Amino acid sequence: MGKFTQMATFVEVVARGSLSAAARAEGIAPAMIGRRLDALEARLGVKLLQRTTRRLVLTDEGTAFLEDCQRILAEVGDAESAISEHSMRASGHLTVSAPAGFGRLHLAPLLPSFLAEHRDVTINLNLSDRVIDLVAEGVDVAIRIASLDDSNLVGVKLADNRRVVVASPAYLKRHGQPRQLADLARHNCLPISSEGSQRGWTFMDHGKPVTLKVGGNMVCNDGAVLHGWALAGKGLAWRSMWEVAGQIASGELVTVLDEFAAPGNDIHAVFAQRRHLPLRIRAFVDFLRRSYAAPDYWRPS
């Protein structure tokens, strides 16, 4: 007798309130239900139900086990549904949100290939650096480049990411390479601004995170502009690897202060719930993971 059958019988008996009611629901004799419960209790070595001719009473152990059984059986059902749905064709409309810079470079170019694989899916791509409310704004999937430790959303990691300080070889030839965090004070740094205030650069110093306010002669609220200034030799910029990996590989940019790099803000796909996700969402997330996992994706020639 399968363990899942015994667990399902136990849950059914509790839900219906008697062995006979559970037996009628399954179309079998009450004695068969009783034997399943006896076998379950014997296998576990505990009493789950106090049974009399008039009623059933859960023991403390039975109450705890019931919750676990309900959760496990629900997860098995979800898994079976997911497998069944994978044989179906993804279809319907998908609303995706992503940070503007990342979306332009690493989402928009991939969408035609995804839609060629899934011809019954349509996509609305919304690029914004604003943190959106997925439920309120009707977004199916949002791309977040951040730690999700404190998030109530369900997240799937798509790729690693970290921030690095970069400069052009020409800038470093003129001004020298910073070796310590204190050296940033004598360099022209290119910080990003947000709503009128400058964001600091975060590093690890002696095992602890440190956020520094850096200074320079140009500040901008657009990361692509800062990237361009760094390429043009105007100063140091603190950028994500998803943005500068190509120029680092080609030698157009050089990383500095790597030994002080803070833990990465990885790239995640987030959605409001995990269970019963439409196939179009699962297919889209799987497609992004496969694309970003390609060995040469982040190192373009």
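It is to be established whether one or more residues within region 285-297 are assigned to a loop (DSSP other than H, G, I, E, B), outside the structural domain of TYR171 (by the TED database), in contact with a strand residue (DSSP E or B) (Cβ under 6 Å, 6 or more places away or on another chain) and surrounded by fewer than 18 Cβ atoms within 10 Å (Cβ to Cβ).
Checked region 285-297: no residue is assigned to a loop (DSSP other than H, G, I, E, B), outside the structural domain of TYR171 (by the TED database), in contact with a strand residue (DSSP E or B) (Cβ under 6 Å, 6 or more places away or on another chain) and surrounded by fewer than 18 Cβ atoms within 10 Å (Cβ to Cβ).
Do we find a residue being outside any loop (DSSP other than H, G, I, E, B), farther than 19 Å from LEU19 by Cβ and either in the same structural domain as LEU277 (by the TED database) or open to solvent by 50 Å² or more (accessible area, probe 1.4 Å) (or both) anywhere in region 42-50?
So far as region 42-50 goes, no, none of its residues is outside any loop (DSSP other than H, G, I, E, B), farther than 19 Å from LEU19 by Cβ and either in the same structural domain as LEU277 (by the TED database) or open to solvent by 50 Å² or more (accessible area, probe 1.4 Å) (or both).
Filter region 237-264 down to residues that are assigned to a helix (DSSP H, G or I) and either open to solvent by less than 40 Å² (accessible area, probe 1.4 Å) or closer than 22 Å to MET218 by Cβ (or both), then give me how many there are.
Result for region 237-264: 8.
Based on what the data block shows, is GLY233 assigned to a loop (DSSP other than H, G, I, E, B), at positive phi and not polar (S, T, N, Q)?
Considered against the rule, which asks whether it is assigned to a loop (DSSP other than H, G, I, E, B), at positive phi and not polar (S, T, N, Q), GLY233 comes out as yes.
Condition test on ALA224, is it assigned to a helix (DSSP H, G or I), open to solvent by 40 Å² or more (accessible area, probe 1.4 Å), modelled with pLDDT of 90 or more and assigned by the TED database to the domain that holds ALA170?
When the stated conditions are applied, ALA224 passes them.
Any chance you could count how many residues in region 51-70 are open to solvent by 60 Å² or more (accessible area, probe 1.4 Å) and touching a residue at least 40 places away in the same chain (Cβ under 8 Å)?
Here the count works out to 1.
For region 265-274, enumerate the residues that are open to solvent by less than 50 Å² (accessible area, probe 1.4 Å) and either aliphatic (A, V, I, L, M) or at positive phi (or both).
Of everything in region 265-274, those that are open to solvent by less than 50 Å² (accessible area, probe 1.4 Å) and either aliphatic (A, V, I, L, M) or at positive phi (or both) turn out to be ILE267, ALA269, VAL270.
So, SER113, is that one modelled with pLDDT under 90, open to solvent by 50 Å² or more (accessible area, probe 1.4 Å), within 24 Å of LEU279 (Cα to Cα) and not aliphatic (A, V, I, L, M) or not? Write out each step before concluding.
Values: modelled with pLDDT under 90: no; open to solvent by 50 Å² or more (accessible area, probe 1.4 Å): yes; within 24 Å of LEU279 (Cα to Cα): yes; not aliphatic (A, V, I, L, M): yes.
Here the answer is no, as SER113 does not meet what is asked.
Kindly establish whether TRP201 is open to solvent by 30 Å² or more (accessible area, probe 1.4 Å) and of a type outside the set (A, V, I, L, M).
Details: open to solvent by 30 Å² or more (accessible area, probe 1.4 Å): no; of a type outside the set (A, V, I, L, M): yes.
When the stated conditions are applied, TRP201 does not pass them.
To keep it simple, each residue is scored yes or no on (1) part of a helix (DSSP H, G or I); (2) without any contact (Cβ under 8 Å) to a residue 40 or more places away in the chain; (3) surrounded by 14 or more Cβ atoms within 10 Å (Cβ to Cβ).
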{"residue": "PHE4", "(1), (2), (3)": "yes, no, no"}
{"residue": "PHE10", "(1), (2), (3)": "yes, no, yes"}
{"residue": "VAL13", "(1), (2), (3)": "yes, no, yes"}
{"residue": "ALA21", "(1), (2), (3)": "yes, yes, yes"}
{"residue": "ALA25", "(1), (2), (3)": "yes, yes, no"}
{"residue": "ALA31", "(1), (2), (3)": "yes, yes, no"}
{"residue": "ALA39", "(1), (2), (3)": "yes, yes, yes"}
{"residue": "ILE72", "(1), (2), (3)": "yes, no, yes"}
{"residue": "GLY103", "(1), (2), (3)": "yes, no, yes"}
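Here is a list: VAL76, VAL131, VAL96, VAL121. Which entry is in contact (Cβ under 8 Å) with a residue 60 or more places away in the chain, surrounded by fewer than 16 Cβ atoms within 10 Å (Cβ to Cβ) and within 24 Å of the chain's Cα centre (by Cα)?
Unique residue meeting the criteria: VAL76.
The values are calculated or read from the model by the stated rules, or taken from the named source; none is laboratory data. Just so you know, these numbers come straight off a predicted model, no measurement behind them. Note that each Cβ is placed from the backbone with ideal geometry, even for glycine, and that neighbours are counted across all protein chains shown. These area figures cover heavy atoms from the full protein model, side chains too; ligands, DNA and RNA do not enter into them. Shrake-Rupley method; radii C 1.70, N 1.55, O 1.52, S 1.80 Å.
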